[in-house]
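Read-outs throughout are calculated quantities, based only on the coordinates presented, and are distinct from any laboratory measurement. Quick caveat: nothing in here was measured; it's all calculated off a predicted structure. A quick note on method: Cβ atoms are made from the backbone with ideal geometry, for glycine too, and the neighbour counts reach across all protein chains shown.
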Amino acid sequence: MLIDATAVPADRGGVGRYVDSLVAALDVAGADITVVCQPRDVQLYAELAPRSRMVGAAESTATRTARLTWEQTTLPRLVRRLGVDVVHSPHYTMPLASRAASVVTLHDATFFTDAVLHSSVKARFFRAWTATALRRASVCVVPSAATAEELARVTRVRGAEVEIIQHGVDEERFHPPSLEEIRAARDAVGLGDTPYVAFLGALEPRKNVPALIRGFALAVAGRPEPPALVLAGQPGWDRQVENALDAVPHRLRVIRAGYLPFGTLAGFLGGAELVAYPSLGEGFGLPVLEAMASGACVLTTRRLALPEVGGDAVAYCGVGAGDVAAALGELLDDPTRRAALAEAAQRRAKEFSWASSAERHQEAYDRAWHRHRAREM
C-alpha cells in the first residue's frame, strides 16, 4: 500500500497533521506501507514510521502544477515498479492512470456549499477533483458524517464507496500542558503574563476570524484588564482580517503570532483562558479536538462537523460578531464553567485516537482492493 504525501506542505496544517499521524499509526499497527513524499520530508517520515519504506519524489513536486504533473505521470510508473496494490491519495487528487486500487480522502464539501469562502481558482480546482474522485476512486474517505451528507447532497456523483473515518488526536503533542510548556508558549508569542484568548488555524475567510476579532473587541472593551487575543496560523488570501484589525481600539491587544511550531501548541492552547474557533464550516475541525485534548475550554459553532467533534464538551455560539461577543463575555465571566468544559473536553478527546483511525483506514484499503478486483473481472 502506498501513501502519496507529496501534497503535504512544510508548515503542517490540518491536512499535514492528518497524514503524519496516520502514517505513524499505520506503521505502529504493522501495515505494509510505502510513503512517497517530498525530499525535505524523507527523514521526518523515516522517524515517524521506521518500519515502513520511504521514497523521495523529485524536487519538481514543490509547486502544485509540478506535483499534479508528477502525480499523473511519474506516480503510476512508480506504483507499477513497486508492485503496489492500493494508492492512498490523502488530499482530493488521485493518479488517473494507475492500475492500483485508489483511496482518496475528501476533507470537506465547502468548495461546493460555500465557494465564496475560498479563492475562485481553488474552489474550481477542488470541486473538479472531488467530483472526479467520487466517480473514479475505489473508496473515498471523509472525516465526518456531515461531510458525507453534504457531498451526497451537492455533487450527486456516484461510483466510489464513501467511508466515514474520523481523525484522531496526537496525545503526545496535545495534552494538558505543564507550567513550563505554558511559559514557553507565552515566550514564543511575546505575551508575558497577560491572559489571552487563543485561535489556531489559517486566517482564511472560512475560519470567520474577522467576526472573532470584532466579537472579541466588543466582549472585552469595558474590562479594566482585558485579555489579549492571539491569532496563530498562516495568513489567508484576502484582507478581511487586516480590515478587522484596523478597527480594534488601541488599548486592546491582538497578536498575530503566525505559524507556531508543534512543540508550543499544547502550551499555547492549554494555557489560554479559552480557545475560540467560530468557523463557518468544517469537514472535521481538528484544531477543536487538539484544543480539547490540551485541556482548553473551547468555543466554536454548530456548523457542519463541529458538533460531531465537540459534543457536549464545548461551548457553542453563532457566527456573527455579536454572537461571538456574547459567548466570549459569558465564558470570560464564568471561570467555573470554563473549568468544567475543559475537564469534559479532555474526557471526550480520549474518544478520538489515531490508532482507531488507522485501523479503519486499513479496512478501507482492503475494501478498495476488493472493489478494484471486482471491477476488473
- Task: Find, among the chymotrypsin sites (Phe, Trp or Tyr not before Pro) in segment 198-241, those assigned to loop by DSSP (not H, G, I, E, B) with at most 15 other beta-carbon atoms within 10 angstrom.
- Result: 237
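Tell me, what is the FRET efficiency for residue 374 and residue 124 to the nearest 0.05, using R0 = 45 angstrom and their Cβ-Cβ distance as r? Working shown, then result.
Details: r = 33 Å, r/R0 = 0.74.
Efficiency at R0 = 45 Å is approximately 0.85.
Considering only segment 169-293, what is the antiparallel percent among its DSSP beta bridges, to the nearest 5?
Numbers: 0 of 12 bridges.
Given both bridge residues lie in segment 169-293, the antiparallel proportion sits at roughly 0 percent.
Helix-only estimate, please: 222 nm mean residue ellipticity of the chain, summing -39500 (n - 2.57) across DSSP H runs of length 4 or more and dividing by its residues, to the nearest 500. List each step's numbers first, then the result.
On the way: 15 runs with 175 residues, N = 377.
Dividing the helical sum by the residues of the chain leaves -14500 deg cm²/dmol.
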- Note on the structure: Normalised Cα Rg of the chain, dividing by 2.2 N^0.38 Å with N its residue count, works out at 1.00
- the chain: angle of helix 64-82 to the longest principal axis, Cα-based, in degrees nearest 10: 40 degrees
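Might you report the magnitude of the Cβ-based charge dipole of segment 274-344 about its Cα centre, with Lys and Arg at +1 and Asp and Glu at -1, to the nearest 20 debye?
Numbers: 4 positive and 9 negative charges, 18 e Å.
The calculation lands at about 80 debye.
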- Given charges at beta-carbon only (K, R positive; D, E negative), |dipole| of segment 179-349 in Debye: 200 debye
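If you stretched the chain out fully between residue 343 and residue 74, how much longer would it get, using 0.36 nm times the residue separation minus the C-alpha to C-alpha distance? Walk me through the numbers on the way to the answer.
Details: separation 269, 0.36 × 269 = 96.84 nm, distance 4.91 nm.
Contour length minus the Cα-Cα distance gives 91.9 nm.
When 206, 64 are ordered from fewest to most other Cβ atoms inside 10 Å of their Cβ, what list results? Write out the running numbers ahead of the final one.
Numbers: 206 19, 64 12.
The fewest-first ordering by Cβ neighbours comes to 64, 206.
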- Dipole-positive endmost among 226, 304, 293 within segment 179-349 (Cβ charges, Cα centre): 304
- Note on the structure: Expressed in angstrom and rounded, the centroid-to-centroid distance over alpha carbons for segment 60-139 and segment 268-295 is 28 Å
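Suppose the chain between residue 234 and residue 366 were pulled fully straight at 0.36 nm per residue; how much longer would it get relative to their current alpha carbon spacing? If you can, show how the numbers build up before the last one.
Values: separation 132, 0.36 × 132 = 47.52 nm, distance 3.65 nm.
Contour length minus Cα-Cα distance gives 43.9 nm.
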- Task: Would you please state which residues of segment 268-307 a label at residue 178 would reach in this model, taking the label point 7 Å out along Cα→Cβ and a backbone N cut-off of under 19 Å?
- Result: 268-272, 294-296
- What ranking do 54, 94 get, fewest neighbouring Cβ atoms within 10 angstrom at the top? 54, 94
- Message: If you wrap a convex hull around the alpha carbons of segment 179-349, what volume per residue comes out, as a whole number of Å³?
- Response: 102 Å³
